[in-house]
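The block underneath contains the structure these notes are about, expressed in structure tokens.
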Amino acid sequence: MKTLLTISGIFLFGLISFAQPSDAQLIAKIKADNPSATKVELFGQGIITKVIDDQNSDGYAEYYSYYRHTYRTHKPTDYTGITEVYSGSIQYINNGSAFVFDQYLIGDRWFLGVPDPDQGEILKMLKSDIENFVENAHYISIVGDISEITFPADPEYLWHELTSVSFLLNVTYAEKISYTQVRKAKHTYNVRMYSDAFKGPWKSSLSTREEEDSNEGEITTYTADELRAIPSLSQIDAENKAKLELSSLPNVGNVPVFDSGEKLFYFIHDIILTKSTQEVKAYLYKVLSVNCFIENSTVIVNDYNQQWINKILDNHEAYIACYCPYPAIKHQQSNMLQFYDKVNTKMLRMQGVEEGGTWKIITIDFYPSSKSEQDQMRNMTENCEKQPELKSESKPQYKVGDNVTGVFSNGEFDGVIDQIDAASNKYYIKLSGDNSGTGYWMDAQFVKPGHTGKLINGGSSSSTSSGSNFKVNETVYVLTSSGEKVKAKIKEISGDKANVHFSNPMYQDMWVSLSNCSREK
């Protein structure tokens, strides 16, 4: 094995017993091996390196001396005015009496005369992938957006290949240095760009921030809460990427206003079955509940919801193959609908919420079938249902305390709304004249406005109720379930109920029966 012993430095001709090749000989050799070179230059003086082979076959150490000299060649290219420059070393070995050519050592090459790259195109590409540009460690610690990206007076363009160039950039931003402090400073980045062809569009880049004095820059101090509230570069970049993605989706116009969850569910189901994958994505973004987005964003979907959206988009063909336009229903509520697939095995569940005067999607649970299952179901129609009659969802038309008439099998009786279940459109009614406190949950269709019936204990609807002599703003004492009388003021009266405000802040405003109110404590 040859082992490097020492680099002897620079030897003069008179100090050694044999002569290394002259400059003229070196240039002639290099020109002969590079016939297209228009220029050959030598740099510095050659060096002699002594190497020992300590594993010679006869057991003795054997010494070798090498002479190396740096050179540079200039060669024309296929492009007018552009020159290829190569810098390397030529090596000679001493054979005992003289130095003879051994090999060329690997060097480096670059190109001169290449037009400077378009700075606008460079900045556009770097900004499109800001995370890669500033490097991940800085990407998550930079506070706010990047203030400035500029080229220095001399960017030091170096064309390594006709498809790759490196240069310097100045980048200014503020970066966290603690939980309460940020430093704003200008940083120098060394950037290298790559394309697939000469003068072709840039495809990728690498960048490295050069080391600088860590104490440079302007320091600003915040409270920990203030600093947490300032969006990071990663958050701003994610928002910008999401907006860009949304703007690239097909323009599907406005979606209808849905007055029931059922109408929303069938609408989205039809969209998934009949539209392209990109159109489906655009529609889904328009009908997502605000709860599906991350806090303080209307464009970045949180991880959980992004997963079920991706499952639908990635398995769009499976969805189309396995579901009828009007599938069999397993279960249905006002805010949820479960569909069966064409063989009534796997279920699809859509869940929504009433929001902003319409209905929005919360989640779609979809379980893709296998390829063989898709092939089986693709043309099946046996379990497909007819188009259902989609009804508008009834809205509660009464409020707590309203006088109403309940329609029962044995007649119509006057009462007062005590509770409301908006989801099922049901009302809890307590009948006028019934002092037992008993109430009844009734569907909206069995409730009429006003008192048009009779009292539960006989008499007519015009009979004076026990509390009709109380007035709004009158002070009363309300009998509680514990037997205590609590002072309160009447805010509103409706039928046999009064909405009261208690003097004791431990009690919230509430509707109470006037029969439990008195003027005496």
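The values are calculated or read from the model by the stated rules, or taken from the named source; none is laboratory data. Please read these numbers as outputs of a predicted model, since none were measured by experiment. Virtual Cβ from ideal backbone geometry, glycine too; neighbours counted across all protein chains shown.
Could you list, in sequence order, the residues of the range 317-343 that are within 17 Å of Ser369 (Cβ to Cβ) and touching a Pro at 6+ places or on another chain (Cβ under 9 Å)? Of everything in the range 317-343, those that are within 17 Å of Ser369 (Cβ to Cβ) and touching a Pro at 6+ places or on another chain (Cβ under 9 Å) turn out to be Ala318, Tyr319, Cys322, Phe339, Tyr340, Asp341, Lys342. Is it true that Glu218 is under 26 Å from the mean Cα position of the chain (by Cα) and on the phi < 0 side of the Ramachandran plot? Here the answer is no, as Glu218 does not meet what is asked. For the range 319-336, check the following and say yes or no: at least one residue is out of contact with any helix residue (DSSP H, G or I) (no Cβ under 9 Å at 6 or more places or on another chain), at pLDDT 95 or above and either basic (Lys, Arg) or assigned to a helix (DSSP H, G or I) (or both). No: zero hits. In the range 330-339, the count of residues that are within 30 Å of Asn291 (Cα to Cα), surrounded by fewer than 12 Cβ atoms within 10 Å (Cβ to Cβ) and in contact with a Leu (Cβ under 9 Å, 6 or more places away or on another chain) is one or more. As for the range 153-170, it holds no residue that is surrounded by 15 or more Cβ atoms within 10 Å (Cβ to Cβ) and among the charged types (D, E, K, R).
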